[in-house]
Amino acid sequence: MPHLHIEEFKEIEFPSSKDGVSFDFIADNINHKEERLISVKVEDDEFFLLVKNEEGRNLLKSDKLTRPASTYNVHKALATYAKAANINVISSNVPQNQKNIHLQEITALKDISYFAQNFPKDREIRIEVGFGSGRHLLHQALSNPEVLFIGIEIHHPSIEQVLKQIKIKNIENILLLSYDARLFMELVPSNIVDKIYVHFPVPWDKKPHRRVISTTFIEEARRILRVGGTLELRTDSENYYAYSYSTFIEFDRTTLHISKNKDIAVSSKYEDRWKKMQKNIYDLSMINDEESLELNIEGSFDFLDINLFKDNILKLHKEVHKFDGGFIHFERIYMLEDGVMLRLSMGSFDKPEHLYVIVKEDMAFYYPALPLKSKSNLCAHQFLNKVLHG
Ligand SMILES: C[S@@+](CC[C@H](N)C(=O)[O-])C[C@H]1O[C@@H](n2cnc3c(N)ncnc32)[C@H](O)[C@@H]1O
């Protein structure tokens with residue numbers, strides 16, 4: 001995680017800007033005086049920098065929840081803030097170099113709003129979930145130039161590595177997204193995807209709720225796959241395979257194929273590792289045999305009038321409310337010069353979203369981005385609306 005170890009945090013004037021970076025406001029955690037968030041804009045990216053004291057060290061780093069895919073923009077924001085505030089940096093893992101020319105020209109990296117607004121539908125579509133080193137994704141894209149590949153990953157260094165390869169190999173049929181694939185599935189239109197690859201997902205034996213494969217993931221996969229489209233799981237974990245099989249077999253009107261130690265055209269980094277260790281590799285593919293209803297999620301993330309006084313908003317701290325199909329947790333509260341900011345986790349239990357909401361006198365809004373338009377997020381939003389409406 002990019003960070004600066006600093007001698008002492010110093011405030012600048014807000015709002016202000018320097019070297020193409022704007023710093024709009026600062027938010028103070030009301031329960032942890034030393035923790036603060038600084039809102040930043042670099043190019044089209046809006047995110048927070050986090051000021052924190054960890055184990056006696058003052059750190060200025062990127063905020064995990066809002067961190068953009070462009071590590072370069074995070075580096076730039078950190079270095080520019082330190083320069084603007086004249087902060088003494090003790091050590092840092094932020095390079096001073098210029099932006100990599102390859103990354104500058106890359107248009108393959110999209111954000112979630114690109115897909116939410118106008119999902120590409122003009123070509124055959126295949127999705128790879130958790131592409132890691134990208135060997136399989138790159139190989140497939142080069143072998144099938146007429147197909148559009150969407151690669152989804154949550155690990156930033158993997159995304160940057162694959163972006164470089166896309167540029168070097170001049171590949172034009174890959175789009176990458178830095179997002180939780182389980183949430184992404186909920187905005188894909190129905191019946192348009194040809195293949196979904198899930199190769200060597202993390203087995204999460206001790207935290208099964210974090211697994212990619214689940215009943216809801218398969219439901220969404222079925223909905224977005226066209227008739228005859230396939231979901232391909234490849235795993236070295238016998239336990240994960242057995243769990244997945246018992247989850248897949250619950251579904252009607254699907255065809256399942258199972259194979260063991262099948263060689264495929266390209267071996268991923270993980271696969272090479274397991275093969276060297278002579279582990280078995282299991283393939284489970286599900287063919288969708290049924291057309292699904294169109295995706296129809298109605299609702300908005302607008303807020304009604306805000307009637308809850310600040311003191312009552314502060315009392316929400318740590319409250320958890322559960323409702324049918326989801327929950328909302330008021331994790332942290334921050335003071336702003338002209339309002340308060342809430343950090344929430346909300347939505348469905350197995351794949352919650354973490355978000356910030358700013359509340360000022362008589363208005364509220366999500367910042368810097370709206371939640372994904374899913375049924376459970378809309379339910380959580382309705383609940384939040386009622387709470388803030390008073
Ligand atoms: C064990 S690695 C396998 C990588 C690659 N498929 C391969 O075979 O080498 C699993 C990858 O899935 C990614 N991942 C885990 N959960 C994810 C999620 N919910 N959405 C997107 N990617 C995820 C991880 O960051 C990691 O890179």
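So the values come out like this:
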{"read-out": "Percent carbon-and-sulfur accessible area, the chain, ignoring ligands, DNA and RNA, probe 1.4 Å", "value": "48 percent"}
{"read-out": "Residue-by-residue Karplus 3J(HN,Hα) for segment 130-145, coefficients 6.51, -1.76, 1.60, Hz, glycine and proline x", "value": "x, 6, x, 5, x, 4, 5, 4, 5, 4, 5, 5, 5, 7, 10, x"}
{"read-out": "Electrostatic dipole magnitude of segment 3-92 [Cβ: Lys, Arg +1; Asp, Glu -1; Cα centre; debye, to 20]", "value": "180 debye"}
{"read-out": "Within straight-line cross-link reach of K167, aspartates and glutamates at Cα separation under 15 Å, skipping those fewer than 8 residues along the same chain", "value": "E105"}
{"read-out": "From phi via Karplus (6.51, -1.76, 1.60), per-residue ³J(HN,Hα) for segment 264-270 in Hz, x at Gly/Pro", "value": "10, 4, 9, 9, 7, 4, 5"}
{"read-out": "Gaussian network model of the chain, springs between alpha carbon atoms under 10 Å - residue of V51, V40, V202 with greatest fluctuation", "value": "V202"}
{"read-out": "Kirkwood-Stokes translational diffusion coefficient of the chain, alpha-carbon pairs, 4 °C, 1.567 mPa s, µm²/s", "value": "57 µm²/s"}
{"read-out": "Taking the chain and dividing mean pair separation by its residue count, relative contact order in percent (alpha carbons under 8 Å, at least six apart)", "value": "13 percent"}
{"read-out": "Sites matching chymotrypsin sites (Phe, Trp or Tyr not before Pro) across segment 302-390 that sit in DSSP coil, with at most 16 neighbouring C-beta atoms within 10 Å", "value": "F309, F349"}
{"read-out": "Given charges at beta-carbon only (K, R positive; D, E negative), |dipole| of segment 310-389 in Debye", "value": "240 debye"}
{"read-out": "Under Karplus coefficients 6.51, -1.76 and 1.60, residue-wise ³J(HN,Hα) of segment 9-21 in Hz, glycine/proline x", "value": "6, 10, 8, 9, 7, 10, x, 7, 9, 8, 6, x, 10"}
{"read-out": "Other-chain or far-sequence residues with amide H under 5 Å of E128's (modelled H)", "value": "I150, G151, I152, Y197"}
{"read-out": "Cα-centre dipole for the chain with unit charges at Cβ (Lys and Arg positive, Asp and Glu negative), debye to 20", "value": "1180 debye"}
{"read-out": "Segments 278-285, 165-172 sorted - mean Cβ within 10 Å per residue, highest first", "value": "278-285, 165-172"}
{"read-out": "Computed over segment 1-126: relative contact order in percent, which uses C-alpha pairs under 8 Å that are six or more apart", "value": "27 percent"}
{"read-out": "Sorted peptide list for 207-215, 291-299, criterion being average Cβ within 10 angstrom, highest first", "value": "207-215, 291-299"}
{"read-out": "Under 26 Å, Cα to Cα: Lys pairs in segment 192-281, sequence gap 8 or more or different chains", "value": "22"}
{"read-out": "Farthest toward positive dipole pole in the chain [+1 Lys/Arg, -1 Asp/Glu at C-beta], among F47, F303, N377", "value": "F47"}
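The values are calculated or read from the model by the stated rules, or taken from the named source; none is laboratory data. Keep in mind that this is a model prediction, so the values were computed, not measured. Backbone-built Cβ (ideal geometry, glycine too); neighbour counts: all protein chains shown. What goes into the accessible areas is simple: the full protein's heavy atoms, side chains included, and nothing from ligands, DNA or RNA. Shrake-Rupley method; radii C 1.70, N 1.55, O 1.52, S 1.80 Å.
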